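Reviewing the structure listed below.
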Amino acid sequence: MPIAIQIYWLIILSMVTASIAWTVTQEEIFAEPRNFAKRKSEESRSILVRKFCYVWTCEYCFSHWVTLVILI
């Protein structure tokens, strides 16, 4: 595959990933689930629950999981 096509797909995939991650972690449409996840990430006794819920509130963390799902 030519390098130009690889760069094109890299840019497209990064834009899709950034758009999804921003929407879930910042926009009002997901405010209620995000607030619930934030509260659970701060109050839960289990470290696994805290880390799982934190991922839904952190744009950087969430973008890694979005990338994984897109690539699969």
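Only the coordinates and a few stated rules stand behind these numbers; no lab work does. Source: prediction; values computed, not measured. Ideal geometry is used to build each Cβ from the backbone, glycine not excepted, and the neighbour counts take in all protein chains shown.
Check the chain for me: any Cys whose beta-carbon has no other cysteine beta-carbon within less than 4.7 Å?
Result for the chain is 53, no neighbouring Cys Cβ within the cutoff.
What are the ³J(HN,Hα) values, in whole Hz, obtained from phi via the Karplus relation 6.51 cos²θ - 1.76 cosθ + 1.60 with θ = phi - 60°, for each residue of region 11-20 in sequence order, with x given for Gly and Pro?
5, 4, 5, 5, 5, 5, 4, 5, 5, 5
Quick one: which residues, 5+ away or cross-chain, put their amide H under 5 Å from the amide H of residue 57? H built at 1.01 Å from N.
none
Rounded to the nearest 500 deg cm²/dmol, what is the calculated helix-only ellipticity per residue at 222 nm for the chain, with -39500 (n - 2.57) per DSSP H run of length n ≥ 4?
Estimated from H runs of four or more residues: -26500 deg cm²/dmol.
State, in angstrom, two size descriptors of the chain derived from its alpha carbons: Rg to one decimal place and Dmax to the nearest whole number.
Just the Cα atoms of the chain yield Rg and Dmax of 15.0, 51 Å.
Please list, in order along region 3-9, the HN-Hα scalar couplings obtained from phi with the Karplus expression 6.51 cos²θ - 1.76 cosθ + 1.60 (θ = phi - 60°), rounded to whole Hz, x for Gly and Pro.
4, 5, 5, 4, 5, 4, 5
For region 48-58, in order, what is each residue's ³J(HN,Hα) by Karplus, 6.51 cos²θ - 1.76 cosθ + 1.60 with θ = phi - 60°, in whole Hz (x at glycine and Pro)?
5, 5, 4, 5, 4, 6, 5, 4, 6, 10, 10
Where does each of 7-17, 56-66 land if you order them by average Cβ count within 10 Å, highest first?
The packing order, highest mean first, is 56-66, 7-17.
Using only Cα atoms and rounding to the nearest 10 degrees, what angle (0 to 90) does helix 31-43 make with the longest principal axis of the chain?
60 degrees
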